[in-house]
Amino acid sequence: MAGHSDNDMGLPAFDKPVKIAIVIAPYYTAIAKAQLDAARAVLDQAGATHETIEVPGSLEIPTAIGIAHRLSNFDGFVALGCVIRGATSHYDVVVNESSRALTLLGMQGVCIGNGIITVENREQAEERADAARLNTAGGAAAAALYLIALTRRFGQPKGGVGFKPRPDVIEVAGDTKGPTTA
């Protein structure tokens, strides 16, 4: 994988197929094309299948990921977009809220690589979108793959928090005098 990194871990290997949704807000066409090419190259290198979902803006990326996670069978997601600072506080809202929403989804176990570029100007965006330079989209694709590998390593959630009910015993709440099972 090209791009800036002090620690090139390579990509994880998978014994079962991996299906990724790339969710992109293609507001800046040339930046979006570079991001898609970079992310797809990494996913192809890892042997992952992928499809692209376009949304109007970066604020819609987490919502689209949440919907696809609930209603589809993707193993993970790559969030791509570009937010360039303008003259108003809208930049701060988009940057902070999209990041916060992606983090909350991640904390719920959704495997997301965040490649939303947040920059001061077009030149910074081009540098980050370029696969031969900073390659943030390729890094986001790799991050999603790592999180999927980690999820598979630890297995599926075992369900429930706390004690595990025994199917042969029904526990009864209430008075401690007398039997506590039925």
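Inside region 120-145, residues that are among the acidic types (Asp, Glu), touching a residue at least 12 places away in the same chain (Cβ under 8 Å) and either closer than 10 Å to ALA38 by Cβ or assigned to a helix (DSSP H, G or I) (or both) make up a count of 2.
I'd like to check something: does region 53-74 contain any residue that is among the hydrophobic types (A, V, I, L, M, F, W, C) and touching a His at 6+ places or on another chain (Cβ under 8 Å)? I'd like the intermediate steps shown before the answer.
Of region 53-74, the ones among the hydrophobic types (A, V, I, L, M, F, W, C) are 53, 55, 59, 61, 64-65, 67-68, 71, 74.
If we keep only those that are touching a His at 6+ places or on another chain (Cβ under 8 Å) as well, we get none.
No, that holds for no residue.
Throughout, read-outs are computed from the coordinates displayed, never taken from laboratory work. Here the structure is a predicted model, which is why all the values come from computation and not from measurement. Ideal geometry is used to build each Cβ from the backbone, glycine not excepted, and the neighbour counts take in all protein chains shown.
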